[in-house]
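The values are calculated or read from the model by the stated rules, or taken from the named source; none is laboratory data. Note that the coordinates shown come from a computational prediction; the quantities given were computed from them, not determined experimentally. In this analysis, Cβ positions are derived from the backbone assuming ideal geometry, glycine residues included, and neighbour counts consider all displayed protein chains. These area figures cover heavy atoms from the full protein model, side chains too; ligands, DNA and RNA do not enter into them. Shrake-Rupley method; radii C 1.70, N 1.55, O 1.52, S 1.80 Å.
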Amino acid sequence: MKTHIYQSRVVWTGNRGQGTAGYRAYDRNWSVAVPGKPEIPCSNDPLLGGDPALMNPEDLLLSARSSCHMLWYLHLAAVAGIIVTAYEDRPEGLGETAPNGAGRFLSAHLRPQITVAPGTDLARAAALHDEIHRYCFIARSLNFPVTIEPRFTLA
């Protein structure tokens with residue numbers, strides 16, 4: 001096994017001058033910075049007082065899951081000789097919040113729209129999705145079910 005180290009810097013930027021003197025005295029904003037990469041301004045889920053214009057942890061998690069799936073799909077397609085010319089996903093996650101405020105994802109649904117070259121074996125192209133959960137770092141790390149419903153278009 002080979003180990004990897006990932007680093008990030010998360011900095012709270014929501015101090016309005018009083019810190020956490022009261023529940024409504026501060027913003028739920030922060031930034032994520034990874035060495036050598038653009039900073040991402042973030043906020044809490046709008047349902048919990050966050051800025052709806054900024055990414056929140058749930059957005060980032062769902063996007064990471066979909067992105068990892070896409071990258072492995074492209075890899076497996078290339079190895080299988082399947083020519084993909086476009087790939088877009090609009091994933092959706094279902095979450096729940098308990099009365100005490102604790103939340104979690106219950107499930108996620110990926111709906112990749114994939115454009116492939118004419119003559120592609122669409123059954124094989126679809127079957128590649130079943131292999132990804134064995135490789136995707138993010139998929140192997142999460143504990144909620146994810147369904148995948150691919151749709152194909154010929155280029």
### Message
Quick test of your reading: applying the under-4.7 Å Cβ rule, which cysteines of the chain are isolated?
### Response
CYS42
### Task
Considering Cα pairs under 8 angstrom that are at least six residues apart, work out the relative contact order of the stretch 73-155 and quote it in whole percent.
35
## Note on the structure
Percent relative contact order for the stretch 1-115, counting Cα pairs under 8 Å at least six residues apart, stands at 14
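What percentage of the solvent-accessible surface of the stretch 1-83, computed with a 1.4 Å probe over protein heavy atoms, is contributed by carbon and sulfur atoms?
Numbers: 3460 of 5820 Å².
About 59 percent, which is the carbon plus sulfur part of the accessible surface.
Report the longest stretch of the chain that contains none of the chymotrypsin sites (Phe, Trp or Tyr not before Pro) sitting in a DSSP loop with at most 10 other Cβ atoms within 10 Å. Mind showing how you got there, number by number?
On the way: sites that count: TYR6, TYR23.
Longest stretch, sites excluded: 24-155.
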### Task
Divide by every residue of the chain the summed helix terms, -39500 (n - 2.57) for each DSSP H run of at least 4, and state the resulting mean residue ellipticity at 222 nm, rounded to the nearest 500 deg cm²/dmol.
-6500 deg cm²/dmol
### Task
Identify, among ILE40, ALA123, MET70, the residue whose Cα sits farthest towards the positive end of the charge dipole of the chain, taking +1 on the Cβ of Lys and Arg and -1 on the Cβ of Asp and Glu, with the dipole about the Cα centre.
ILE40
### Task
Measure nothing but the geometry: give the 0 to 90° angle between the long axis through the Cα atoms of 57-80 and the longest principal axis through the Cα atoms of the chain, rounded to 10°.
20
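Shape of the stretch 22-74 from its Cα gyration tensor (a ≥ b ≥ c, root eigenvalues): rounded if a/c is under 1.5, otherwise prolate when a/b > b/c, or oblate? Present the calculation step by step, with values, prior to reporting the outcome.
Working: a/c = 3.92, a/b = 1.83, b/c = 2.14.
It is oblate, given that a/c is not under 1.5 and a/b is not larger than b/c.
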### Query
Using the scaling law 2.2 N^0.38 Å as the reference, what is the normalised Cα Rg of the chain?
1.28
### Summary
trypsin sites (Lys or Arg not before Pro) in the stretch 1-103 lying in a DSSP loop, each with at most 11 other Cβ atoms within 10 Å of its Cβ, come to LYS2, ARG16, ARG24
### Query
Between the DSSP loop rule and a limit of at most 16 other Cβ atoms within 10 Å, which trypsin sites (Lys or Arg not before Pro) in the stretch 121-151 are left?
ARG134
### Query
Which net charge results for the neighbourhood of ARG124, defined as the other residues with beta-carbon distances under 13 angstrom from its beta-carbon, given Lys and Arg at +1 and Asp and Glu at -1?
-3
